[in-house]
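Asks: Here's a structure for you.
The values are calculated or read from the model by the stated rules, or taken from the named source; none is laboratory data. Keep in mind the model is a prediction, meaning the values are calculated, not measured. All Cβ positions, even for glycine, are placed from backbone atoms using ideal geometry, and neighbour counts span all protein chains on display.
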Amino acid sequence: MANNIQAIRGMHDVLPEQTPLWQYAEQGIRDVLSAYGYSEIRLPIVEKTELFKRSIGEVTDIVEKEMYTFDDRNGDSLTLRPEGTAGCLRACLEHGLLHNQVHRLWYYGPMYRHERPQKGRYRQFFQLGVETYGMAGPDIDAELILIMDRLWKKLGIRDKVRLQLNSLGTLAERHVYRESLVSYFEGRLEQLDEDSLRRLKTNPLRILDTKNPAMIDVVANAPVLTDFLGEDSLQHFNAITAILEDLGIGYELNSRLVRGLDYYSKTVFEWVTDELGSQGTVCAGGRYDGLIEQLGGKPNHAVGFAMGMERLLALMETQDQVQLASPVDVYMIRVGETAEQQGLRFAETIRNEIPGLKLQMNCGGGSFKSQFKKADKSGADYALILGDDEVGRGEVSVKPLRDNQQQQQNMSWTQAIKFLVGRVSLA
């Protein structure tokens with residue numbers, strides 16, 4: 001007998017008992033973004049490989065090692081998206097959304113990277129992306145931070161995350177800093193690990209976010225980027241911190257918080273946690289004005305952030321159990337041929353009369369005892385019990401499943417509908 005086919009390594013199923021927490025978090029995200037006037041954009045999972053080579057960079061680990069790339073039947077090189085920013089910007093440029101306009105957009109869905117799977121890092125992972133275009137001021141940078149602060153509070157995990165901030169300045173300021181940084185590390189080559197030696201030639205700023213404990217001292221004594229910032233960059237950054245302080249949003253200045261690509265400028269931020277071990281970054285964002293021109297658009301302004309859903313859910317699971325709504329409000333038990341027929345009609349009447357009610361009807365027959373066990377297991381608040389005798393009297397038996405104080409009652413179908421209104425959690 002052939003072995004069962006299993007899921008691809010690093011790509012996981014989300015089982016029915018897990019989806020309520022996903023749905024709870026996803027609804028919280030939609031509610032918060034809607035409150036700030038952000039619109040959803042839905043993007044393809046597959047893009048031309050050239051898009052990511054131009055946006056992420058050909059000498060990055062993502063492009064060189066991690067992308068799922070293939071040639072289609074026409075010989076075009078295509079890639080499963082490893083991130084969402086490039087695709088979102090491609091869509092805006094393609095459809096002319098950036099011409100004398102401002103946009104606040106968000107997207108959500110799976111991303112793909114071929115890397116070593118571990119807890120909080122998968123080959124297929126779900127990501128929320130939020131992107132804004134056409135706004136140069138520090139207020140939009142601050143707004144993105146406020147959005148996440150509100151979301152953490154809504155999901156009950158504000159005390160488990162903290163905000164880190166830095167400024168990358170302009171490209172010109174960063175080039176001067178880069179020269180100083182390279183000179184510093186070249187004088188300490190014997191202290192650099194293999195990864196840092198490689199980055200020294202291709203992406204020296206990324207040495208600063210090394211996770212190698214042996215590199216802590218040499219990185220700690222490296223030149224600091226903020227010492228190279230000009231007046232405009234400092235004013236932009238100070239305006240953001242002033243807004244956060246005025247609204248009581250705590251933050252940490254992290255001079256080692258960087259991005260390795262030239263199109264980033266000024267603000268960078270991360271929400272980090274100590275609850276998830278090495279996977280401490282839950283959300284990362286920043287300003288990337290230079291990417292628009294790099295992808296063929298006219299100079300413009302862009303700032304956004306991305307958040308991995310698996311890490312968010314892992315963080316939510318560290319708190320006290322979230323009170324999730326049951327997938328079922330009412331479970332209908334039908335015993336007898338007439339009851340099975342009339343129960344279908346009654347169930348549809350209830351759904352018509354109580355929009356939003358989650359009613360699950362027993363299907364496939366079974367004894368009263370076995371159906372009642374299913375009713376209890378469903379998580380429903382009430383069971384509707386319909387037998388041939390009840391049908392003959394035009395009644396239904398309503399039995400509370402979670403409240404021992406309430407008694408089982410027989411009532412007419414009309415009375416049962418009125419009873420259920422207001423007693424169940426309508427979606």
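Asks: Looking at the structure I just gave you, is GLN118 assigned by TED's automatic domain parsing to the domain that holds LEU295 and either buried (at least 21 other Cβ atoms within 10 Å of the Cβ) or within 16 Å of the chain's Cα centre (by Cα) (or both)? Full working, then the answer.
Replies: Working: assigned by TED's automatic domain parsing to the domain that holds LEU295: yes; either buried (at least 21 other Cβ atoms within 10 Å of the Cβ) or within 16 Å of the chain's Cα centre (by Cα) (or both): no.
So GLN118 fails the test.
Asks: Now, a different point. Return yes when HIS175 is under 27 Å from ASP141 (Cβ atoms) and either among the hydroxyl-bearing types (Ser, Thr, Tyr) or not assigned by TED's automatic domain parsing to the domain that holds GLU64 (or both) and no when it is not.
Replies: The answer is yes for HIS175.
Asks: Collect the residues in the stretch 68-105 that are polar (S, T, N, Q) and not in a loop (DSSP other than H, G, I, E, B), keeping them in residue-number order.
Replies: The answer is THR69, SER77, THR79, THR85.
Asks: Restrict the check to the stretch 301-310 and report whether at least one residue is outside any strand (DSSP E or B) and farther than 30 Å from ARG90 by Cα.
Replies: No, the stretch 301-310 has no match at all.
Asks: Also, quick follow-up: Would you tally the residues in the stretch 274-299 being crowded, with 22+ Cβ neighbours inside 10 Å and in a loop (DSSP other than H, G, I, E, B)?
Replies: 1
Asks: Right, next: Quick check, is ALA383 among the small types (Gly, Ala, Ser), under 15 Å from GLN408 (Cβ atoms), in the same structural domain as SER412 (by TED's automatic domain parsing) and in a helix (DSSP H, G or I)?
Replies: The answer is no for ALA383.
Asks: Same structure again: Name the pairs: first residue in the stretch 246-262 and in the same structural domain as THR281 (by TED's automatic domain parsing), second residue in a loop (DSSP other than H, G, I, E, B), Cβ to Cβ under 7 Å, at least 6 apart or on different chains?
Replies: SER255/VAL224; VAL258/LEU168; ARG259/LEU168; GLY260/ASN203; LEU261/GLY57
Residue by residue, here is whether (1) surrounded by 15 or more Cβ atoms within 10 Å (Cβ to Cβ); (2) free of Cβ contacts under 8 Å to residues at least 12 places away in the same chain; (3) aromatic (Phe, Trp, Tyr); (4) under 30 Å from GLN279 (Cα atoms) holds:
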| position | (1), (2), (3), (4) |
| --- | --- |
| THR318 | no, no, no, yes |
| ILE350 | yes, no, no, no |
| ALA380 | yes, no, no, no |
| LEU386 | yes, no, no, no |
| ARG402 | no, no, no, no |
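Asks: Would you call LEU324 of a type in the set (A, V, I, L, M, F, W, C) and part of a loop (DSSP other than H, G, I, E, B)?
Replies: Considered against the rule, which asks whether it is of a type in the set (A, V, I, L, M, F, W, C) and part of a loop (DSSP other than H, G, I, E, B), LEU324 comes out as yes.
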